[in-house]
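Chemist: Just passing along the structure, written as structure tokens.
The values are calculated or read from the model by the stated rules, or taken from the named source; none is laboratory data. Predicted model only: the values in this text are computed from it and were never measured. Cβ sites come from the backbone with ideal geometry, for glycine too, and all protein chains shown count toward neighbours. Note: accessible area is taken over every heavy atom of the protein model, side chains too, but ligands, DNA and RNA are not part of it. Shrake-Rupley method; radii C 1.70, N 1.55, O 1.52, S 1.80 Å.
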Amino acid sequence: YTYKRIDPAKVKSQMAEIIEGFNNAKDARDQNKWMDKTKAIFSDYETYASIAHLNFNRNTKDENATKENDYYDEIDPSMKEISLNWAKTLLNGKFRNGLEDIYGNHFFNLKELELKSFDPKIKKLVEEENKLKNEYTKIIAGAEIEFEGKTYNLSGLVPFHTDADRDIRKRSYVARFGFFEKNSEVLDIIYDKLVKLRHNMARKLGYDNYIPLGYAAMGRTDYNHNDVADYRKQIVENVVPLVSRLHKQKKEILGLDHLYFYDGINYKEGDPKPKGTPDALVLAAQKMYGELSPETGSFFNIMINEELLDLVNREGKMGGGFCTAFPKYKRPYIFSNFNGTDHDVTVLTHEAGHAFQAYSARNQPLMEYYWPTYEAAEIHSMSMEFITWPWMKDFFKEDTERFKYLHMVKSISFLPYGACVDHFQHWVYGNPEASPTDRKIKWSELEKIYLPERDYDDLEFPKSGGIWQRQLHIYQVPFYYIDYTLAQVCAFQFWTKFNADRKTAWDDYHRLCKAGGSLPFTKLTDVAKIESPFKAGVLEKVVGEIWDWLKSVDVKSL
Ligand code: ZN
């Protein structure tokens, strides 16, 4: 795939021509032709920007890749400005009704949010924000941690956290948090600047604080922070007690009187590991997707044949996993950091869920409809983790049942943590004058509500309330976190559906993938024939089904 730099000045003049043509069009159909031209321009932009971003993430030490990524960060505000002018043109178009007939109103709702989330007067602030975010990325990706005579990055250290030997687990965490402790001050400064910068942006755009701006930037058209606060309460009421019960069960499985933070394993012998090399895992995945459905079969063959996967951890590579896409070429790309844990398999199925959605929606008529907003996007990925359960025996062999139990426990236990991160961010942006110390105190307070069992023993850094600094979303994409919990509740519903009737469930899932981002979250749940997690009582019901299954597992036999 070719890569180019986009020149914003050139795009600006092309767009001026398009806007004139659009405004002089005779009818909606005529306007639509100009929309197609815009689509081509922005599709190029998104494609090249995501290639630049990907190359940087693949090797953060490559000077050239860093330069290209910086370039796309730098032009981001100018491109936002161009996009904003186009949004204004669209919203004020003479034949908007005709276009709404073709595309539905979601597109226009999204454009309205674009207007609410950006203005040229915050352009400089956005540039500064991008620079700060990259500073954070560089610190995290550049981690070089000494452990047992070797040097590791943060992803590389993870397997030791789940070692069967408690002492290794603890010491590996001491090493990890030592890195954060060392960088604590600079991480505090970066975040403090980001919070103040974002608050400043919000004030310039006429908001009281950053919360409504953050929601607009996330493209949330169908719910607000009050709905989210109610939903978090449902988590506290229905999930936190269940996680406490699982905690007790874990003590029994491990034969420990008390669990500390570093007791992240779930079985005495350590957690199940995938059997086989990364290449073998990919082959198993290819077989699995071939058997799952004709659509997933041809999709995954493309991913392999066109080298759209970078899966294994290596030095200089950015941590984590993500899926990106090149709309110009109608292709997704999967990035991850295999490190030999069970997470390798879940990250692969997870990111493949995203990629399959992007691939399935590749013929949506608008760029804006390729991907849904984040909370809806995570439904495809998190559901895929469960849809692939019947094939887990190919990855985990004799440890399959252990893996399934662990996967479910981890998934349900994630909800309170996700809500805690979300609650924290609402507090941070609601209190922009708070000091770094205030933030740490607040985090510790919230942990007591959402994660009451957590005990850091004598690990000083997390004990002082700093552990959230490892959560990159908090720095990079404010308010992007509750999304995972909302999607998890949807994925649990798919798990139930697939247990009942795989054929119907697959049709519902595939329909959802094809719908892409053509609708907002609470409408996409209708498309998938599942219930919105915001609806009162849904969480209680869904969690009840999961608990019934967990109870039925004879943990002693695992
Ligand atoms: Zn995801």
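Chemist: Skip the ligands, DNA and RNA, and give the accessible area per residue of region 1-104 with a 1.4 Å probe, whole Å².
Modeler: Values: 5480 Å² over 104 residues.
Roughly 53 Å² per residue, with all protein chains present.
Chemist: Out of the DSSP beta bridges found with both residues in the chain, what percent are antiparallel (nearest 5)? Mind dumping the intermediate values first?
Modeler: On the way: 8 of 11 bridges.
Of those bridges, close to 75 percent are antiparallel.
Chemist: Whole number in Å², please: accessible area per residue of region 469-558, 1.4 Å probe, ligands, DNA and RNA not counted. Walk me through the numbers on the way to the answer.
Modeler: Numbers: 3490 Å² over 90 residues.
In whole numbers, region 469-558 has 39 Å² accessible per residue.
Chemist: Turning to a different aspect of this structure: From the phi angles alone, apply the Karplus equation (6.51, -1.76, 1.60; θ = phi - 60°) to region 122-135 and give each ³J(HN,Hα) in whole Hz, x where the residue is Gly or Pro.
Modeler: Calculated HN-Hα couplings, in order: 9, 3, 4, 5, 5, 4, 4, 4, 4, 5, 5, 4, 5, 4 Hz.
Chemist: Given N residues in the chain, what is Rg(Cα) / (2.2 N^0.38 Å)? Numbers along the way, then the final one.
Modeler: Values: Rg = 23.4 Å, N = 558, 2.2 N^0.38 = 24.3 Å.
Expressed relative to 2.2 N^0.38 Å, the Cα Rg reads 0.96.
Chemist: P(r) for region 407-558: what percent of alpha-carbon pairs falls in each 5 Å bin, starting at zero?
Modeler: 2, 8, 14, 17, 16, 14, 12, 9, 5, 2, 0
Chemist: Next question. Starting from the Cα of A229, step 7 Å toward the Cβ, then list every residue of region 426-455 with an amide N under 15 Å from that point.
Modeler: Counting only backbone N, you get 426-431.
Chemist: Tell me the Kirkwood radius of region 226-348: reciprocal of the mean inverse pair distance over distinct alpha-carbon atoms, in Å. Before the final figure, lay out each step's value.
Modeler: Values: mean 1/r = 0.0558 Å⁻¹.
One over the average 1/r among Cα pairs gives 17.9 Å for region 226-348.
Chemist: I would also like to ask the following. Run the reach check for K514 against lysines, Cα to Cα strictly under 21 Å, same-chain hits fewer than 8 apart removed. What comes back?
Modeler: K39, K328, K330, K497, K503, K523, K529
Chemist: Quick one: of K123/K196; K131/K182; K61/K317; K133/K196; K10/K124; K80/K133, which pairs are farther than 19 Å apart, Cα to Cα?
Modeler: On the way: K123/K196 15 Å; K131/K182 21 Å; K61/K317 8 Å; K133/K196 14 Å; K10/K124 21 Å; K80/K133 17 Å.
From the list (K123/K196; K131/K182; K61/K317; K133/K196; K10/K124; K80/K133), the Cα-Cα distance tops 19 Å for K131/K182; K10/K124.
Chemist: Let me ask another. Please report, for the Cα atoms of region 306-448, the Rg to one decimal and the Dmax as a whole number; what are they, in angstrom?
Modeler: Over region 306-448's Cα set, Rg and Dmax evaluate to 18.4, 54 Å.
Chemist: Mind giving me the FRET efficiency for V553 and K448? R0 is 41 Å, r the Cβ-Cβ distance, nearest 0.05 is fine. Could the numbers behind the result be given before it?
Modeler: Numbers: r = 29 Å, r/R0 = 0.71.
It comes to 0.90.
Chemist: Can I ask one more? Rounded to the nearest 500, what is the chain's calculated 222 nm mean residue ellipticity when only DSSP H runs of at least 4 contribute -39500 (n - 2.57) each, over all residues?
Modeler: Only helices count here, giving -22000 deg cm²/dmol.
Chemist: Right, something else. If one computes the Cα centroid of region 174-220 and of region 289-356, what distance in Å separates the two points?
Modeler: Each part's Cα centre sits 30 Å from the other's.
Chemist: Can you give me the % of accessible surface on the chain that is carbon or sulfur? Probe 1.4 Å, all protein chains present, nothing else counted. Don't jump to the answer; show the numbers that get you there.
Modeler: Working: 11600 of 23160 Å².
Reported share for carbon and sulfur atoms: 50 percent.
Chemist: In Å², and per residue, what accessible area does region 352-416 have when probed at 1.4 Å with the other protein chains present?
Modeler: Details: 1720 Å² over 65 residues.
Value returned for region 352-416: 26 Å² of accessible area per residue.
Chemist: How many angstrom lie between the C-alpha centres of region 98-133 and region 429-500?
Modeler: 27
Chemist: Pop the C-beta distance of N200 and D44 into the FRET formula with R0 = 41 Å and round what comes out to the nearest 0.05.
Modeler: On the way: r = 32 Å, r/R0 = 0.79.
FRET efficiency, N200 to D44: 0.80.
Chemist: Considering only protein heavy atoms, what is the solvent-accessible area of I441 at a probe of 1.4 Å, reported in Å² to the nearest 10?
Modeler: Counting only protein heavy atoms, the figure is 100 Å².
Chemist: Looking at the P(r) of region 178-223, how many percent of alpha-carbon pairs lie beyond 17 Å?
Modeler: Numbers: 496 of 1035 pairs.
The proportion of pairs with Cα distances above 17 Å equals 48 percent.
Chemist: Determine one quarter of the surface area of the Cα convex hull of region 380-444, which equals its mean projected area, and express it in nm² to one decimal. Kindly include the intermediate steps, with their values, before the conclusion.
Modeler: On the way: hull surface 24.6 nm².
If you wrap the Cα atoms of region 380-444 in a convex hull and average its projections, you get 6.2 nm².
Chemist: Bin width 10 Å, origin at 0, all Cα-Cα pairs of region 12-151: what percent of pairs per bin?
Modeler: The calculated distribution, bin by bin, is 10, 31, 28, 17, 9, 3, 1, 0.
Chemist: Hey, what D do you get for region 132-242 in µm²/s if you plug the Kirkwood alpha-carbon radius into Stokes-Einstein at 4 °C and 1.567 mPa s? Could you put the intermediate results ahead of the total?
Modeler: Details: Rh = 17.6 Å.
For these conditions, the coefficient is 74 µm²/s.
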